[in-house]
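Just below is one structure, and these are the notes that go with it.
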Amino acid sequence: MKRTLALLFMLGSTSSAQNSTFPYSERFDSVSVPALPAGWISTTNRSSAGDFVTTTSSPRSAPHAVLSTNATISQSLTSPSFDFSNRAPTKLDFYTARSSTHTAPLLVEASLDNGASFTITLSDTIRHPGTTGYVLTSVPFPSSIANQPAVRIRWRLIGNPAGGSTGTFRLDDVTIAALSSWDLELTNLAASIQPHEGAAPTVQDVTLTATVKNVGTLPASGYSVQFFDDANGDAKLNPSERFATVAGSLLIPLDSAALIVTYSALTAGEHRFVAAILYAQDGNSANDTASTVVAVGAEKKAVIINEIMFDPLPGQNEWIEFFHRGPAPIDIVRWKFFDRPTASGVNAFSVTNNSHVVQPGDFIVVAAESTILSLFPHLISPPASTHLFILNRSAGFSLNNDGDDILLRDAAGGVIDSVSYSASWHHPDVTDTKGRSLERINPNLDSNDPRNWSTTPVIAGGTPGRQNSIHTTSLPSAASISINPNPFSPDGDGFEDFCAIRYNLPLTTSLIRISIFDIKGRLLRTLANSELSGSQGEVIWDGLDDAKQRVRIGPYIVFIETIDSQGGTIATARAVAVVATRF
């Protein structure tokens, strides 16, 4: 009577621990020894503390297994309650191990009334397998258990007087598989792309095919598949991103259907699409969604290699600037650039693995590390048109100082631009090019034309994130000078104390000399002497001569010359600057 009361008390205290999620798995590892997991019940025929307890001794999967001793006494272990409503359980798997003297027969039984009675025998009598190691037992469930809301499983050891009183029995790794009565699975979401009629080659249409399979036990109808364009990349089914809903046909168990929809006018970049089954009776939401990524290639030369720092100063590192010269926004997620392949392989660098849209006219600066910020502080808080990516590679990009290849690919793997640069592309009159970038002169000319590249004249060593200092799309036929303000009054009163001398030259890059002469032709000031310049530029004159004395009121000749490395003149221009006073 005492044992019966104890068992009834244990049943009452654990009856609320019901499982309705499948597949179910119990490894007995979530509790502290010797307690059983919630809902598991042991008889007390051998011990008032419970015939079955958890143990750390010889589990199949560490750290715990369930242990029973003494094969001469009948004992049983009962599972928590399982709700198989709208489900058909298919198989029970478990592992047992016995000592050589534990010869008690084992029966596995099922209750349909939450353990009040065990009327269904699931297994034949299971006897000692002849080994002391763990043995897997698989038991099929009969159809009578389908759709039952309160099922318990019992492992019942039948005492064998001839068995060993010190024999041990272990149970571990129990799993239960069940099919839902209504369970539709989205097994695949496939995509195929084709050009959008009448649009640019980089605008594509995508056809999405969602394959739905009935993995339940009953026919399914009245379902649909919703299609989403995951534009914000959060992998959530936002109603605002849903663009189509397609109804499905009747599916008998194990049958499949393909639901097809077309999404038009995809632009260059990566696009993630998600499909989701909408079915009110579905008993398993875990297999209701599928996603796919469609990469639409960008137009070739839409983004170009625009500036290269391959031989930085000590303490600095390499960087590359790209320029978006195309007509439409581009998402550069998963774009990569590569250097020249060698016997040991090729270096590949990801610009970004996150969605990042670049607008026409924007600059993309990819730096090996953050030292670029010390030379170019404007990149610390760049404008919206400049996109800086620091890859944190202290070893740099391994670009060769004498020449190398740079290859830019989009997410679809297409080559967008490539340059095979050479150190010989630097301006011949610049004797020390270390710490100076190669700038592209015209973004619309060939990437591999050496005449389209030259040395930056900027003292900092480059113009990352800004228009190249030698950028030009056309050259004037002759040199010219403009001066503003003119006249100017360098009297220190804060009003028009300086003049800006702006020049345009018929050369993409050259050495320049800018001089100031009085009306008698005497040299008063040299503003620039053999300085590297692009096709246009600007210098300031403060109205002082080379001795730092203010010149007299009157007209002065501003003379600019482009010169070669031997000092010979290539082109000249002159203009008159008037020094005045303020009344």
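The values are calculated or read from the model by the stated rules, or taken from the named source; none is laboratory data. Keep in mind it's a predicted model, so treat the numbers as computed, not measured. Neighbour counts are summed over all protein chains in view; Cβ atoms, including those assigned to glycine, are modelled from backbone coordinates with ideal geometry.
Observations
- Residues in the range 377-401 that are assigned to a loop (DSSP other than H, G, I, E, B), of a type in the set (Ser, Thr, Tyr) and in contact with a Phe, Trp or Tyr (Cβ under 9 Å, 6 or more places away or on another chain): Ser385 only.
- Elements of the type strands (runs of 3 or more DSSP E) sitting completely within the range 498-570 and holding at least 2 residues that are among the hydroxyl-bearing types (Ser, Thr, Tyr): these cover 510-517, 523-533, 554-563.
- So Thr509, is it surrounded by 15 or more Cβ atoms within 10 Å (Cβ to Cβ), in contact (Cβ under 8 Å) with a residue 60 or more places away in the chain, in the same structural domain as Gly554 (by TED's automatic domain parsing) and of a type outside the set (Gly, Ala, Ser): yes
- Matching strands (runs of 3 or more DSSP E) fully within the range 232-335 where at least 1 residues are closer than 24 Å to Asn188 by Cα and under 24 Å from the mean Cα position of the chain (by Cα): 242-247, 256-266, 269-278, 289-296
- Being modelled with pLDDT of 85 or more, of a type in the set (Val, Ile, Thr) and under 52 Å from the mean Cα position of the chain (by Cα) holds for only one residue in Val576, Val551, Val539, and it is Val539.
- Every residue from the range 100-124 that is among the small types (Gly, Ala, Ser), surrounded by 18 or more Cβ atoms within 10 Å (Cβ to Cβ) and touching a residue at least 60 places away in the same chain (Cβ under 8 Å): Ala104, Gly115
- Contacts under 7 angstrom Cβ, first residue in the range 384-410 being aliphatic (A, V, I, L, M), partner part of a strand (DSSP E or B) and surrounded by fewer than 19 Cβ atoms within 10 Å (Cβ to Cβ), 6 or more apart: Leu391/Phe349; Leu399/Asp339; Ile406/Asp339; Ile406/Ser418; Leu407/Phe338; Leu407/Val415; Leu407/Ser418; Leu408/Ser418
- Among the candidates Phe498, Phe488, the residue that is hydrophobic (A, V, I, L, M, F, W, C), touching a Cys at 6+ places or on another chain (Cβ under 9 Å) and farther than 26 Å from Asp311 by Cβ is uniquely Phe488.
- Subset of the range 147-172 (residues that are over 15 Å from Val108 (Cα atoms), surrounded by fewer than 19 Cβ atoms within 10 Å (Cβ to Cβ) and not polar (S, T, N, Q)): Pro149, Ala150, Pro161, Ala162, Gly164
- For Ser76: the one exception among (1) in contact (Cβ under 8 Å) with a residue 24 or more places away in the chain; (2) in a loop (DSSP other than H, G, I, E, B): (2)
- Condition met for Asn232 (outside the structural domain of Gly39 (by TED's automatic domain parsing), of a type outside the set (Phe, Trp, Tyr) and crowded, with 20+ Cβ neighbours inside 10 Å): no
- Some residue of the range 317-328 being in the same structural domain as Lys434 (by TED's automatic domain parsing), buried (at least 20 other Cβ atoms within 10 Å of the Cβ) and at pLDDT below 95: yes
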